[in-house]
Each structure stands twice: as C-alpha cells, then as structure tokens.
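Values in this text are rule-based calculations from the coordinates and carry no lab data. A quick note: this is a predicted structure, and the numbers were derived from the prediction, not measured. Every residue, glycine among them, receives a Cβ derived from its backbone with ideal geometry; neighbour counts consider all protein chains shown.
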Amino acid sequence: MSRLLIVVDRAKDWAPYYPSDDVLTFDEYLKFTAPASSRVRVINLCQSAKYLSRGYYCSLLAEARGHHVVPSVITLNDLSRKGLFSLELEELDSSVLEWLEASGAAVKPGEDDRDATHQVRIKTYFGQAEHAALKPVARALFERFPSPILEVVFKRRKGWQIESMKPASPADLEEHEQDAFAAALDRFSSIVWRRPKSRRRYRFDLAILVNPEEQLPPSDKQALECFEKAGKKLGINVEQITKRDYMRLPEYDGLFIRETTAIDHHTYRFARKAEAEGMVVIDDPVSILRCTNKVYLADLLKNNKIPTPKTLILSKDQKDSVHQVIDQLGFPVVVKIPDGAFSKGVLRAEDEKGLKDALKTLFKQSALVLAQEYFYTEYDWRIGVLGGRAIFACKYFMVKGHWQIYQHGENQEVDSGSFDTLPTYEVPRNVIQAALNATRLIGNGLYGVDIKQAGNRVAVIEVNDNPNVDAGVEDRFLGGELYTLIMQEFLSRMEENRRR
C-alpha cells in the first residue's frame, strides 16, 4: 500500500487545514525513513523552489529515496526557464481569452489599445482554477508542469502570453484561495486523514480506470461494484478513477483499466505511466499495443501458425487490391479498419461494387485495411484468459437478422445478440487451446479471445486486451468467484512486487 506525505516548510503553514500525521515539515522529512518495499508519494509544498532551496532539496531527496514527488526536480528546473512557457494563447478556447480580456488592466486615457500592456495574475491548484473559464489553461499547464500550486502571470501585448510562472505554497494563499486549494487537493488525492481507519485496513490500493460517459464500457456499474467487493475481501482498497486522475496514479499499487483502450488515447498513457511507476497494470501497454491494431495481430497470428480466417492486408496505394480480394477470398468478404471495436469499422461486401465502396470508406480512416474471408457461424466463442489460463467462456450470438454480434443503428443505438455462459470444461478442447496459444503471443494479462468454430475447424478472429466482464453475462456461471479470481491475480502480483 502507498503512503502519502505532505511536506511544508513549517508546521504553521498547515494551520488552516485539517491536522494529520501525514503532514511533515521539511526537517521532519529529512529524518523520515520508510520500509524499502513501501511506496511513498510526496507532495512538496515548501515555499521556495529555487535551486538549492528547501523546496528544491525536498524534491531532490524524494527522488533519491525512490519516492514519487510532485513537483519533480525536472519540473522545478523547467519552471526556471521562461522560454519553455512563454506561449501564445490565441488557439485557446474563446471563453479563456474573453475572461482574460475582461480581467486585464484597463487601457489608460489616450493610450492606444494595440500598444497597451494588460496583466492578469492567477493561481492554479493541481490543474484546477477558481474561475471556470480558466480550467482548460490550468489543466494544460498541470499536465506540462505538474506542480501543486502555480502562480501564473498572463500579459497581453499583441496577444496573450504567459509572462511568468512559479510554484507557490499554502503560506502564500489568501483565505478564499485556501478553500480552492483544499478542494483541489481533495480531488487530486484520496487524502489519508479523511478516512484513516478505513484506508489503513487494506494492504494494497488498486485504481480502476473508468469512463462514466462511455456507451459500451468493458464493465458495467454492477460489475465494478463486484470488483470492489472482491478486492476488499482480499485486503485491497479498490477505487474508481477517471482520465482526470492521471497524476494520482503513484498513490496506488495497481491499475485495472476498465475503459475501451486505444494507442492514441489516454488509456495507453495511463498504462505507460503505471508501468513506469512499477505498478501492477492490466492492461499493460504492450498488450494494448499488440491487441488494438488488427494488422499487427493478424500478422502475429499468421507468422506463429495460429489458425485464423484467410486474411489479406491491403494498402491504400495498392492498385490490385480489389482483384486480389476477389481471387483469394471471394464473396461475401469482410473488410475492417485495424483499430475498430464492438463491430465498428467492419463492413461486409457482397460483390465487386460493394467491395470498392467499402474500401473507399475505410481507406479514409486508415492507410491499411484488412480483408477477411466471411466465416459464418451462429455464434462466436469468447474465451476469457487471465495469466495464461482460461477463466470464463461465453457464446455471443449474432443479432437476429444480422451477421454480427453488435448492430449499430441510427442515433447511436446499439443492438446486441443473446449469449450463453458455460464452464470452461464444457468448451471444446481445441477452442480453449487456440485461445491459450494466441494469448501466449501477447502477454500474461487479461484477454478475451474471439473464436469461430465449425465442426473441427477453429479460427481465432481477434484477441481483445480488455474483454467485457459484465454482471449477469460473463459472470453468469462463476458469479462472484470470477471477480475474486481477477482480484486474486492482482493481489499475487502486488505481493510479488513488494517482495522485490
């Protein structure tokens, strides 16, 4: 389990806030020691961050001790270099510029507005700002220069620029600013002094990354609650986070991504950061990279002789792609973009005209497109694999009157077929073996392998790096045991991390 420390210059700097044993003065932090196996997060709130000041040494010592500290020494050094943040702000949201204009100094009588210098001084708190219009600026600055409190000065000459930016401490805040800082700190971190007894019951902390607005998330709300209950029984404090909690990751021992992943997406950045922090992470970045691109996956499976439908990789500039598909695959044929999910970006062509139209549509989205033989079955197998073993099995049936499991209609409506959940021992052995063989090429995380079966023929369609685990579907046979199995895997890996 991670430990959170707040470091200030003097105890009185924290006087306006709730007292806690986790708030240390700089001198106390100098003497602080922690077990080698523990994870320590430090929020450095010392007043001065100049080179060789207390604040500078706080961040420097934290990094030397293997503690994750905000701000880092790199951030402090970057903030001392004006050239890095003297940025033009013309491309920002119009509401930001309007607020800056309204808040800027008035033009003096007789002064040409084009030559006037306007100045606005604000403070940001963990990427938050008191004024709603400035939230995009505050968030962007925090992502680039992660620092608890930043004092930012904007100046307008011909256009708005950041004139200066420096770290600040709680001692620098007015009373109304103290409230804004405390609220931002509370959002940024699950503050230990707010729930001391409940948090300290648990051996480990696990973050589950979710998107409450996602239409088809990998786990529904009831399943997420089941993960939390299963974790708590095993001594794991499970907490849901969103993309805004990126800087909070080092507070946790593990990350479980329950949001649809993509490479050019915050889910991949979360996985990369969690891995860099030494956390246990599912989906790990390598699995995301290998699974989310169907071109990579198709080539990987083919080169390792994993049975798949006949597949061609087509290039946008390829002149004979249509004839190649007709000669080698025939009709009907399925064409798909490399990074589609939930049957999106997948089309079926019945003839040459339909194929040309499908390729024209998909090549607008990707330089490469997959063409695949149409292998019809009434259902697809979905085999859930965790750590190299099959843990659940489902039959996903096609939508009635449709050729896919999902059918996307107008107004973002999505229809799905029925399902049947079975114990893994009732699944044909060659189906289970194909799933295990395919996932060994990816890693040892949690995967969902889609397989078609007709008689003795088995074909792996794809390997999903964050398969659905929904209440009443994938858990229909195992019930709560499915969630326990997954949480137990996290527990084993986090224990192994602690022993290292």
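Using the alpha-carbon atoms, what tilt in degrees (0 to 90, nearest 10) does helix 352-363 show relative to the longest principal axis of the chain?
Roughly 20 degrees, rounded to the nearest 10.
What is segment 202-283 by shape, rounded, prolate or oblate, if you read a ≥ b ≥ c off the alpha carbon gyration tensor as root eigenvalues and call it rounded for a/c under 1.5, prolate for a/b larger than b/c, and oblate otherwise?
Working: a/c = 2.07, a/b = 1.11, b/c = 1.87.
Cα axes put segment 202-283 in the oblate bin.
Multiplying the sequence separation of Leu436 and Glu98 by 0.36 nm and subtracting their Cα-Cα distance, what value in nm do you get?
Working: separation 338, 0.36 × 338 = 121.68 nm, distance 5.73 nm.
Difference between extended and current length: 115.9 nm.
Ranking Val334, Val469 by Cβ neighbours within 10 Å, fewest first, what do you get? Could the numbers behind the result be given before it?
Working: Val334 21, Val469 24.
In increasing order of surrounding Cβ atoms, one gets Val334, Val469.
What range in the chain is the longest one free of GluC sites (Glu not before Pro) that are in a loop by DSSP and have at most 16 other Cβ atoms within 10 angstrom? List each step's numbers first, then the result.
On the way: sites that count: Glu90, Glu91, Glu111, Glu174, Glu213, Glu214, Glu350, Glu378, Glu413.
Here the longest run is 215-349.
Report the residues of segment 444-466 in range of a label on Thr377: point 7 Å along Cα→C-beta, backbone N strictly under 15 Å from it.
Flagged as within label range: 448-464.
Roughly what angle does helix 221-233 make with the longest principal axis of the chain, taking Cα atoms, 0 to 90 degrees, to the nearest 10?
Between the helix axis and the principal axis of the chain, the angle is about 70 degrees.
Of the listed pairs Lys12/Lys243; Lys316/Lys336; Lys221/Lys452; Lys31/Lys273; Lys135/Lys243, which have alpha-carbon separations greater than 25 Å here? List each step's numbers first, then the result.
Working: Lys12/Lys243 34 Å; Lys316/Lys336 13 Å; Lys221/Lys452 29 Å; Lys31/Lys273 29 Å; Lys135/Lys243 15 Å.
Lys12/Lys243; Lys221/Lys452; Lys31/Lys273, as the Cα separations exceed 25 Å there.
Only helical DSSP H runs with n ≥ 4 go in: add -39500 (n - 2.57) per run for the chain, normalise by residue count and round the 222 nm mean residue ellipticity to 500 deg cm²/dmol. Please report the intermediate quantities before stating the final value.
Details: 15 runs with 156 residues, N = 500.
Value at 222 nm, helices only: -9500 deg cm²/dmol.
Restricting attention to the alpha-carbon atoms of the chain, what are Rg (one decimal) and Dmax (integer), both in Å?
27.0, 89
What full-extension length gain, to one decimal in nm, is calculated for Asp351 and Val286 as 0.36 nm per residue of separation minus the Cα-Cα distance? Please list the in-between numbers first.
Values: separation 65, 0.36 × 65 = 23.40 nm, distance 3.78 nm.
Extending this stretch completely gives an extra 19.6 nm.
Taking Cα atoms, how many degrees apart are the long axis of helix 429-440 and the longest axis of the chain, rounded to 10 and kept between 0 and 90?
On a 0 to 90 degree scale, this one is about 30.
So which trypsin sites (Lys or Arg not before Pro) in segment 1-31 pass both tests, a DSSP loop state and at most 15 other Cβ atoms within 10 Å of the Cβ? Can you show the working numbers first?
Working: sites: Arg3, Arg10, Lys12, Lys31; in loops: Arg10.
Sites meeting the loop and neighbour criteria: Arg10.
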